[in-house]
1. Find all pairs meeting these conditions: Cβ atoms under 6 angstrom apart; at least six residues apart or on different chains; first residue within the stretch 133-144 and surrounded by fewer than 20 Cβ atoms within 10 Å (Cβ to Cβ); second residue not in a helix (DSSP H, G or I).
2. Hey, among the residues in the stretch 26-67 that are surrounded by 11 or more Cβ atoms within 10 Å (Cβ to Cβ) and not in a helix (DSSP H, G or I), which one's modelled with the highest pLDDT?
3. Enumerate the strands (runs of 3 or more DSSP E) found wholly within the stretch 68-155, keeping only those where 2 or more residues are of a type in the set (S, T, N, Q).
4. Please tell me if T104 is modelled with pLDDT of 95 or more, of a type in the set (V, I, T) and surrounded by 15 or more Cβ atoms within 10 Å (Cβ to Cβ).
5. Among the residues of the stretch 68-82, write down those that are closer than 19 Å to K165 by Cα, exposed (fewer than 14 other Cβ atoms within 10 Å of the Cβ) and among the β-branched types (V, I, T).
Amino acid sequence: MCGFGLPVFADAIKSHSQNESEPEKDKIFVQKWIVNLLNNLNSDSGQHDLGSIFKRNAEIHFNDLKMNEMLTEYVVNPEKFIAFLSENWGWKVEYNKETKTVITNVNKSYCVCRVMKQLDVIKSSAICHCSEGFAEKMFSVVFNSPVAATVESSILRGDKNCIYKIIVN
């Protein structure tokens, strides 16, 4: 830590021990920091760069939900998985075997992203690329083949639903 920050750091430690609402204050600080980062990334980076950054973060959510384990019964059985998505998650899914294309409509009037639930002041739809990455990971397991996912519409972009197009390679 630089010498300039030491007095500020010392004061922060002192006030930290005296303030019981510090976790909430820290949460708000982190939210603001991330919101600012996302907004700056959105204005300073190309969409391709953002997509790559956010898609890589999908792994955190995928692993947190233990999706590899959950998807084992659906590997190479996309019809069964599509039925699961429809019945259990309420998604509307179209699958065209000939074109190897899946269109998924999350079928919710709100953003289901866990990050967005915590950071509801984000103005950037760039975070939707994380959902692309999640869809790619999920459907790659189901099809046992690489897939490419793109956001076709998004609540964060002002659309009615979040819809993803998945193409099996």
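1. S140/P146; S140/V147; N144/V75; N144/V76
2. L65
3. Ranges flagged: 101-105, 147-153.
4. yes
5. Hit for the stretch 68-82 is V76, nothing else.
The values are calculated or read from the model by the stated rules, or taken from the named source; none is laboratory data. Keep in mind that what you see is a predicted model, and the values were worked out from it rather than measured. No Cβ is skipped: glycine too gets one built from the backbone with ideal geometry, and neighbour counts run over all protein chains shown.
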